[in-house]
Amino acid sequence: MTIRPLVAGNWKMNGTTAALREPRLLAGMLRDVKLKTDIMICPPATLIRRVKSVMKGSKVRLAGQDCHAAASGAHTGDISADMLKDAGCVAVIVGHSERRTNHKETDAMVQAKAAAAHKAGLTAIICIGETLDERKGGKTLGVLSDQLKGSVPAGATAANSVIAYEPVWAIGTGLTATAKEIEEAHAHIRAELAKVMGGEGASTRILYGGSVKPSNAAELMGVPNVNGALVGGASLKAVDFIGIIKAYL
Ligand code: PEP
């Protein structure tokens with residue numbers, strides 16, 4: 001089965017007007033490239049419309065970094081999936097480990113956010129991953145099973161959901177999981193998705209995230225069951241991000 005890969009860049013809480021230079025550059029670099037992968041940028045909410053505008057005409061799509069589970073209401077500072085859709089997004093990240101850690105988000109909360117994304121017509125990029133202690137304690141696969149079971153909502157399909165495997169200890173640290181560790185985790189996720197999503201699990205994209213950069217992208221993207229990357233730091237500069245996208249050219 002051929003699965004079209006996805007490379008998504010998560011800018012996190014980075015970027016003001018000056019940062020618009022990078023998507024503008026990226027759009028230029030991609031102009032004559034025949035892409036074999038989908039590409040998304042997840043800017044901070046304040047820049048979604050402006051990034052979309054500077055990339056007008058390119059195939060790069062926009063995604064949010066988080067959404068609230070409710071469609072609207074008294075939730076000061078939060079953003080709903082409908083709002084992201086209205087701003088021009090096609091997808092939203094939910095359950096990023098920084099949200100799980102800094103905002104105490106549970107699997108149930110992540111599941112509700114993913115369901116809200118689906119209801120709004122967005123693809124949910126559902127993040128899972130073990131901590132270093134969990135890996136050292138031999139709990140990685142059990143943690144991934146529990147997070148998948150708890151975070152993927154009913155009605156998830158290969159079209160409306162993407163799983164991002166991001167070992168917490170590899171995010172923003174410069175440490176990457178080895179190809180062998182990634183292969184084991186992704187094979188396990190693929191098998192578990194069959195239980196959680198039935199037949200849809202076989203064609204659902206599973207991204208790897210955790211210090212992906214131009215120098216390791218080709219190796220990591222070549223691992224079985226890796227269908228793209230969720231990229232943090234290296235998505236901030238067009239020259240780095242295109243270096244990762246090149247793994248699929
Ligand atoms: C991320 O934020 O999802 C991520 C993988 O970050 P980095 O690439 O910087 O490790």
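Every number here is computed from the coordinates shown, using simple stated rules; none is lab data. None of these values were measured; they are calculated from a predicted model.
Exceeding 31 Å between C-alpha atoms, which entries from my cross-link table qualify? They are K119/K180; K149/K237; K56/K119; K119/K139; K113/K237; K56/K180.
Details: K119/K180 37 Å; K149/K237 35 Å; K56/K119 26 Å; K119/K139 33 Å; K113/K237 29 Å; K56/K180 39 Å.
Check vs 31 Å cut-off fails for K119/K180; K149/K237; K119/K139; K56/K180.
What are the DSSP H helices in the chain that stretch 30 Å or more along their long axis, judged by alpha-carbon atoms, and whose average Kyte-Doolittle hydropathy comes to at least 1.6? Working shown, then result.
Values: long enough: none.
Span-like helices, by this rule, are absent here.
If the reach is capped at under 16 angstrom between alpha carbons, list the lysines near K59, excluding any in the same chain fewer than eight residues apart.
K34, K36, K246
Please list, in order along the stretch 66-76, the HN-Hα scalar couplings obtained from phi with the Karplus expression 6.51 cos²θ - 1.76 cosθ + 1.60 (θ = phi - 60°), rounded to whole Hz, x for Gly and Pro.
Ordered by residue, 3J(HN,Hα) equals 5, 8, 7, 6, 8, 6, 6, x, 7, 9, 3 Hz.
Below 8 Å between Cα atoms, with a sequence gap of 6+, how large is the relative contact order for the chain in percent?
Values: 506 pairs, mean separation 51.5, N = 249.
Computed over the chain, the figure is 21 percent.
So who's got an amide H within less than 5 Å of the one on D66, skipping anything under 5 residues away but keeping other chains? H placed 1.01 Å off N, in plane.
The list, which skips near neighbours in sequence, is I93.
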